[in-house]
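Before any comments, here is the structure.
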Ligand code: 5GP
């Protein structure tokens, strides 16, 4: 497949046309942003961690009956996807209160939300992604009532499958954001599912394992992404930098060394 013209460039991903009109290429760049682009950095390998985790989740979800845009990985930071007509909604599923709902509503951080709470925002940075409700979504003709139902059902299915999968790795799926699109009449999950779009906590320690590390300067974000990508895909974390001569023998020591060598912002 041949990569063609740039179709769209977002804050962390670029989308290219290909020689097949129904297929696009999504490139996960090394850029990271927070607060509507108010904080920005470029972090080596960040794109490939998010691409790898997204691909892993998309394949897992497809196997469990969730329709996604994923076709295949082309290299460690580019994936071929089905071309969708994207719907400008940010569909957020919350299992535990954190982030904006704690700031905006009288929820205590860490409070369990059962059943999970779905919040849908209008994807529009110029308006700071305002929250919508079903009537607004239909009145704005963003989705029909039937599409909205399909979107919510798919979001809850993603939540069930990924919560169970992550729990096995000792990770609590606090919340996450999804985006959907249409391929003809079919609603498919698009965009990405990665550490940039999820809130993940270590089940025992409640340590943040996601973009909150970057948002709130909680530590070395690349060391966290390296470690969590390994935990999610159940593979050994990749070394962030070449090996030093006298590497410590103990496993924990090796991990610490990799962390120390990961480039700091
Ligand atoms: P909150 O509303 O608490 O800021 O975000 C809820 C969840 O949705 C978090 O996991 C957050 O990472 C994700 N999320 C919300 N808005 C965006 C966005 O514009 N981009 C990305 N990548 N994730 C978002």
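The table below gives the values:
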read-out	value
Options 134, 196; residue that is touching a helix residue (DSSP H, G or I) at 6+ places or on another chain (Cβ under 7 Å) and either buried (at least 22 other Cβ atoms within 10 Å of the Cβ) or closer than 22 Å to residue 83 by Cα (or both)	196
Filter result (more than 10 Å from the ligand (Cβ to nearest atom) and touching a strand residue (DSSP E or B) at 6+ places or on another chain (Cβ under 6 Å)) within segment 190-204	190, 201, 203
Evaluation of residue 36 against (1) within 16 Å of the ligand (Cβ to nearest atom); (2) in contact with a helix residue (DSSP H, G or I) (Cβ under 6 Å, 6 or more places away or on another chain); (3) at negative phi (one fails), failing number	(3)
Residue in segment 101-111 that is surrounded by 18 or more Cβ atoms within 10 Å (Cβ to Cβ) and under 24 Å from residue 233 (Cβ atoms) present	no
Verdict on residue 224 being more than 13 Å from the ligand (Cβ to nearest atom), in a helix (DSSP H, G or I) and at pLDDT 95 or above	yes
Some residue of segment 5-17 being more than 16 Å from the ligand (Cβ to nearest atom), crowded, with 16+ Cβ neighbours inside 10 Å, more than 14 Å from residue 196 (Cβ to Cβ) and at pLDDT 95 or above	yes
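This table checks each residue for (1) within 12 Å of the ligand (Cβ to nearest atom); (2) modelled with pLDDT of 95 or more.
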| site | (1), (2) |
| --- | --- |
| 128 | yes, no |
| 134 | no, yes |
| 137 | no, yes |
| 147 | no, yes |
| 160 | no, yes |
| 167 | no, yes |
| 178 | yes, yes |
| 188 | no, yes |
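The values are calculated or read from the model by the stated rules, or taken from the named source; none is laboratory data. Keep in mind that this is a model prediction, so the values were computed, not measured. Cβ sites come from the backbone with ideal geometry, for glycine too, and all protein chains shown count toward neighbours.
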